[in-house]
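Below is one structure, written out as structure tokens, with a few remarks after it.
The values are calculated or read from the model by the stated rules, or taken from the named source; none is laboratory data. Predicted model only: the values in this text are computed from it and were never measured. Ideal geometry is used to build each Cβ from the backbone, glycine not excepted, and the neighbour counts take in all protein chains shown. The area values use the complete protein model at the heavy-atom level, side chains included, leaving out ligands, DNA and RNA. Shrake-Rupley method; radii C 1.70, N 1.55, O 1.52, S 1.80 Å.
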Amino acid sequence: MPLNAPNDGYIMSGGHGTESPANKIATAQAILSLAFRLNSEVLAGRINSEIFRRDVTVITGGKGIQLPAFSEGTKEELERGIFNLVLIALSATALTADETLDQVFGDLSKESDANRKNIRVLVNQLRNAFAHNPWRPKWVVKPKWRNIYPIALQDGTTFTFDATQLDGENIKPEQIGGLEFWVKLLRHCELLVS
């Protein structure tokens with residue numbers, strides 16, 4: 001299932017659907033895909049600051065939550081907000097993949113497959129970066145993990161995660177192979193846990 005075409009019957013939502021390890025990762029991918037789509041729509045101007053001009057009722061099953069119009073909302077605030085949504089969706093993929101890989105394969109420190117361990121280190125370190133500050137994620141790499149980790153995916157894509165100098169640095173897409181590699185890695189992880 002490619003990231004840009006989630007199968008809604010396959011994805012968990014609102015507490016529905018099967019909570020298998022693969023579905024957990026697929027759901028996180030679908031959320032990231034939606035965040036990417038919304039970001040693209042905002043940047044293209046198809047979703048604009050008019051979104052702030054209307055009251056919104058959030059259906060809760062009770063009285064609901066009333067969000068009043070925010071007439072002061074600007075294009076810049078919308079762009080910053082959508083960027084934050086993409087960040088949170090990205091962090092959710094790292095969290096979900098890390099927890100799911102732990103669930104299926106056990107403790108990372110006891111991982112016996114070298115390639116899978118390298119994948120898991122990258123996923124775990126990215127998760128940790130977001131865990132300490134989701135709005136300005138920084139690498140928090142303990143000395144025992146400050147190594148070089150060559151990774152090979154099932155589709156033949158390779159990347160070497162170099163964690164030797166990352167500790168304390170802000171995360172940058174190129175440090176994880178770019179968002180393109182991250183998306184492929186998530187798909188690979190989904191297949192690993194299937």
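Here are the numbers:
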quantity: Residue match in the stretch 122-130 (condition: loosely packed, with under 13 Cβ neighbours inside 10 Å and either basic (Lys, Arg) or more than 20 Å from Lys24 (Cα to Cα) (or both)); calculated: no
quantity: Hey, Val86 modelled with pLDDT of 95 or more, in a loop (DSSP other than H, G, I, E, B) and in contact with a helix residue (DSSP H, G or I) (Cβ under 8 Å, 6 or more places away or on another chain) or not; calculated: no
quantity: Verdict on Ser112 being closer than 30 Å to Thr158 by Cα, touching a Pro at 6+ places or on another chain (Cβ under 9 Å) and not aliphatic (A, V, I, L, M); calculated: no
quantity: Candidates Phe181, Phe161, Phe130, filtered to the one that is within 19 Å of the chain's Cα centre (by Cα), in contact (Cβ under 8 Å) with a residue 24 or more places away in the chain and assigned to a strand (DSSP E or B); calculated: Phe161
quantity: Qualifying residues in the stretch 106-120 (those that are open to solvent by less than 60 Å² (accessible area, probe 1.4 Å) and of a type in the set (A, V, I, L, M, F, W, C)) - the one nearest to Pro137 (Cα to Cα); calculated: Ile119
quantity: So Ala97, is it in contact with a helix residue (DSSP H, G or I) (Cβ under 8 Å, 6 or more places away or on another chain), closer than 23 Å to Val193 by Cα and either at pLDDT 95 or above or in a strand (DSSP E or B) (or both); calculated: yes
quantity: Qualifying residues in the stretch 22-74 (those that are of a type in the set (Asp, Glu) and part of a helix (DSSP H, G or I)) - the one surrounded by the fewest Cβ atoms within 10 Å (Cβ to Cβ); calculated: Glu50
